[in-house]
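Data block below; observations after.
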Amino acid sequence: SPDKEPPKPGDRLVHAETEAELSLADVPLGGPPVLAYPKDPQADLVKKGDVNNLLLVTRFNPDELDEETRPHAADGVVVYSAVCTHLGCTVSQWESEKAWFLCPCHKGLYDPKQNAKVVGGPPPRPLPALPVRLEGDRIVVDGEFTGPVGVVAGRGDCRTCT
Ligand code: FES
């Protein structure tokens, strides 16, 4: 069904709960992330039928983003899949001291300023980024995920967690 379609360029990001369109001011500088879904503005459809469309929207000072991260970002806004690459939990927590994403299931840690590379715990690979641009102050999808979303078969087996 159309609400399961993956994000596509031109989609707007909306707050996962309220479905209000996100503008720059809705995303706190330095975290925590805002959970969001893509919305097809023509069809007026929020694509929340697939958990793989759940997104983490963060905003930093652009200077804090590394070379790999900056190309997907817009004015310091950088967006990642919220689906843990370990076993697929929602990466719902925030380690505020380090500004890292924290997956509550087995304490996977990802650094959003370094292209969501794994900085702790069992995840086998980074969270894929979703490139964005700004239209006015709205956050708009500008490309496809930089890698597969969630668990890749054969890579998600738990070796280090208990
Ligand atoms: Fe996220 Fe295991 S599912 S760390």
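No value in this document is a laboratory result; all are computed from the given coordinates. Please read all numbers here as calculations on a predicted model, not as lab measurements. Note: ideal-geometry Cβ built from the backbone for every residue, glycine included; neighbour counts use all protein chains shown.
Report the semi-axes of the equivalent ellipsoid for the stretch 1-99 in whole Å, largest first, where each axis is √(5λ) for an eigenvalue λ of the Cα gyration tensor.
22, 16, 13
Quick check: residue separation of ASP63 and HIS106 times 0.36 nm, minus the Cα distance between them. What number comes out in nm?
Values: separation 43, 0.36 × 43 = 15.48 nm, distance 3.07 nm.
Contour length minus Cα-Cα distance gives 12.4 nm.
Between THR85, THR146, THR69, which gets the highest mean-square fluctuation from a Gaussian network model of the chain, Cα cutoff 10 Å?
Judging by the Gaussian network model, the answer is THR146.
Normalised by the number of residues in the stretch 1-130, what is the relative contact order in percent for Cα pairs under 8 Å and 6+ residues apart? Spell out each step's value before the answer.
Values: 288 pairs, mean separation 24.3, N = 130.
Taking the mean separation of contacting Cα pairs over the length of the stretch 1-130, I get 19 percent.
Work out the length of the dipole vector of the chain about its Cα centre, built from +1 on the beta-carbon of each Lys and Arg and -1 on the beta-carbon of each Asp and Glu, and round it to the nearest 20 debye. Intermediate results must be reported in sequence, preceding the final value.
Working: 17 positive and 24 negative charges, 118 e Å.
Using only the charged Cβ atoms, the result is roughly 560 debye.
Where does the charge balance sit around ALA99 when Lys and Arg score +1, Asp and Glu -1, over other residues with C-beta under 9 Å from its C-beta? Write out the running numbers ahead of the final one.
Values: positive: LYS98, LYS113; negative: GLU64, GLU95, GLU97, ASP111.
Summing Lys and Arg as +1 and Asp and Glu as -1 gives -2.
Bin width 5 Å, origin at 0, all Cα-Cα pairs of the stretch 59-115: what percent of pairs per bin?
Answer for the stretch 59-115: a P(r) of 4, 20, 29, 21, 17, 7, 1 percent.
Can you give the Kirkwood hydrodynamic radius for the stretch 9-162, in Å, rounded to one decimal and based on Cα pairs?
So the Kirkwood estimate lands at 15.3 Å.
What number of lysine-lysine pairs in the stretch 1-102 show an alpha-carbon separation below 17 angstrom, given a sequence spacing of 8 or more or placement on distinct chains? Intermediate results must be reported in sequence, preceding the final value.
Numbers: LYS4/LYS39; LYS4/LYS47; LYS4/LYS48; LYS8/LYS39; LYS8/LYS47; LYS8/LYS48; LYS39/LYS47; LYS39/LYS48.
Going through the stretch 1-102 pair by pair, I get 8.
Where does each of SER23, SER81 land when they are ranked from fewest to most other beta-carbon atoms within 10 angstrom? The partial results should precede the final answer.
Details: SER23 14, SER81 25.
Least to most surrounded, the residues fall as SER23, SER81.
In what order do HIS86, HIS15, HIS72 fall by count of nearby beta-carbon atoms within 10 Å, going from fewest to most?
With the sparsest Cβ surroundings first, the list reads HIS15, HIS72, HIS86.
Test of understanding: ordering LEU56, LEU22, LEU127 by Cβ neighbours within 10 Å, fewest first, what list do you get? Mind dumping the intermediate values first?
Values: LEU56 28, LEU22 25, LEU127 31.
Listing LEU56, LEU22, LEU127 from fewest to most nearby Cβ atoms yields LEU22, LEU56, LEU127.
Can you tell me which of GLY150, GLY49, GLY76 moves the most in a GNM of the chain? Springs connect C-alpha atoms under 10 Å apart.
Ranking GLY150, GLY49, GLY76 by mean-square fluctuation puts GLY49 first.
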